[in-house]
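To start, the structure itself, in structure tokens.
The numbers here are math on the coordinates, done by the rules we state, and not lab data. Quick caveat, the model's predicted, so the values are computed rather than measured. All Cβ positions, glycine included, derive from the backbone under ideal geometry; neighbour counts span all protein chains shown.
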Amino acid sequence: MTAPRLTHVFIDNFPDQLEPGTLYISIPYTTAAHLCCCGCGHEVVTPLSPTDWQLTFDGQSVSLHPSIGNWSLACQSHYWIRTNTVHWAPRWSPERIATNRTHRTTTPEPTPAPSNPPTTLKDRLAQLLHRRSRK
């Protein structure tokens, strides 16, 4: 596995190409994004909110909570980002993944989940902008 340490960058807008080993954080979009830490090259988008991921910045490093489980990717990597360091988690069984997904979909959220979740960073940002323009 690769990327034991990440560099965090606070940005307003996401670049067209994400760099490996970099965690991009956009406060205006309340979203963090990075390339999967396993090295597969897929974009991983983590929306920041009380019901999604929470970001902690201690002045020098960042942490995301909860863990990042890339269940929809072929790699199915699972890790935490704590103080800019990737901590690998045990692989989950298909049954545990299904249970986690069921729990997440039955937990009430302040805004409805999209029927077709975005698959790319650009799609996610477009969704966030659309949601904000309706408020």
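Quick look at the values:
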read-out: Distant-in-sequence amide H partners of residue 31 (H built 1.01 Å from N, under 5 Å); value: 26, 48
read-out: Cα→Cβ-extended label distance, 7 Å offset, between residue 11 and residue 74, nm; value: 2.5 nm
read-out: Interchain or long-range residues, amide H under 5 Å from residue 22's placed H; value: 7, 35
read-out: Projected-area mean, region 35-75, by convex hull of Cα positions, square nanometres; value: 3.5 nm²
